[in-house]
Amino acid sequence: MSKLLFKLRNVPDDEAEEVRVLLSEHQIDFYETTAGNWGISMPALWVREESQYEQARELLDTYQVERSVRVRTEYDRLKREGKHKTIIDSFRENPFTFIAYLFVVYALLYLPFKFISELGKQ
């Protein structure tokens, strides 16, 4: 029976591809499900044979530790060199989206406060 190994929702494409390659290199039989047409299903990697699940889980755990160290090291290097992405970079890339997000955050913070203060007046 198949077992869920790795959920792919919000996983970067490069990480998902590296996991697929890792499983293929170790001859682990797996398949992938997508989010579907409406994006409500669960995109994931599943191991077909339950007997291979433990091996796949160990490989994935080791990979994730190594990736975490690698990505953190890369971020620290970029930060030292002053090349990491900042809030100003996000604004420059897409100012309309940035301002829209700020407005949404403001509304989410303001509306509950306004609602509570109106209840207090009664």
Residue in the range 20-33 that is more than 23 Å from VAL65 (Cα to Cα) and among the basic types (Lys, Arg) present: no
Number of the exception - PHE96 against (1) open to solvent by 60 Å² or more (accessible area, probe 1.4 Å); (2) closer than 30 Å to HIS26 by Cα; (3) modelled with pLDDT of 95 or more: (2)
Evaluation of ARG9 against (1) among the basic types (Lys, Arg); (2) surrounded by 11 or more Cβ atoms within 10 Å (Cβ to Cβ); (3) closer than 30 Å to PHE103 by Cα (one fails), failing number: (2)
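The values are calculated or read from the model by the stated rules, or taken from the named source; none is laboratory data. Because the structure is a prediction, the values reported are computed rather than measured. Please note: Cβ atoms are built from the backbone with ideal geometry, for glycine as well, and neighbour counts cover all protein chains shown. Areas reflect the complete protein model, heavy atoms only, side chains present, ligands, DNA and RNA absent. Shrake-Rupley method; radii C 1.70, N 1.55, O 1.52, S 1.80 Å.
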